[in-house]
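See structure below.
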Amino acid sequence: MGGDDLGSDDECLYASNQSAENDLSDTEEQTDGTVGDTTNKRKCVKGLVEPTISTKKPKTEKGSVTVSEQTAQDQAAILSSALAKYASTLDSQPRNIELEAGYFATSTQQSLLLRLTSVVAQNKIRKWKHKLSPCVVVVCLSARRAVHVLKELSPMKARAAKLFPKNNSITEQLKELAETTFGLAVGTPHRLQALCKGDDSACLSFRHTKLVVFDCELSDKHYSVLTLPDTAPSCLGLLVEHILPELHKRKDIRIGLL
């Protein structure tokens, strides 16, 4: 079910039930859908331009850096660039979006677990008290990748919401979010966007969320969740309709390309 403790024996259903994992598609189904250092100067990346960054897998030679190791200013530019050509998919939002470096949390830690907990304290995630608004939300390329991320974060022993297709329906996931507090949520863009629709008192929100992570792991075809045509529009929708409004209102929420 979508509400097991990551560190519990139940969570090992992902490790022990490999056949279920193998059924997950490589891309998500279309039918669904203590913050770190904030001393970065709030420089704006004004407007959205056509993507200029490469979608190839990052180099690992000495001296090269991955997306997660980029400066906050560079991450703001990367996110703007990657999503630029999908701005036309928005119905009522302006095409020009300003992303400030101060919105971004960065980390040079080696693992996703360490990068995430260097931004938000592990104890805060484990003791989270707000329903419908997880402390940390990780946006993944596919259900398969979401399962992998859940395994990688299992040592945290935080209660996790599994918000992707083939792990309960939207209605069932909304019920779990309304009845249980989740320090962590891992999901796919279409499903997360679908869960945000509806009455504010009964749907997923970022009202109390401290960190939204766009997982930048690349697929075999060198796409990330921000560049894959199937997922990038939903990422932009989440960003503009649900995440940016919170960034404009609060100083204790950050985006991470981790």
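Just a few scattered comments:
- Added length on full extension, which subtracts the Cα-Cα distance from 0.36 nm per residue, Lys129 to Gln109: 4.5 nm
- Pairwise Cα distances in segment 139-180 exceed 13 Å for 56 percent of all pairs.
- With an a/c value of 1.5 or above and a/b not larger than b/c for the gyration tensor axes a ≥ b ≥ c computed over the alpha-carbon atoms, segment 68-196 is described as oblate.
- Virtual paramagnetic centre 7 Å along Cα→Cβ of Asp200, amide N under 13 Å, in segment 168-186: none
- Neighbour-limited loop hits for trypsin sites (Lys or Arg not before Pro), segment 158-235 (at most 13 other Cβ within 10 Å; DSSP other than H, G, I, E, B): Lys197, Lys221
- Estimated translational D of segment 97-171 in µm²/s (Stokes, Kirkwood radius over Cα pairs; 10 °C; 1.306 mPa s): 113 µm²/s
- The distance linking segment 108-158 with segment 226-258 is 17 Å (Cα centroid to Cα centroid, whole angstrom).
Read-outs: derived from the displayed coordinates by stated rules, not from any lab. Since the structure is predicted, the reported quantities are computational estimates derived from the model, not experimental observations. A quick note on method: Cβ atoms are made from the backbone with ideal geometry, for glycine too, and the neighbour counts reach across all protein chains shown.
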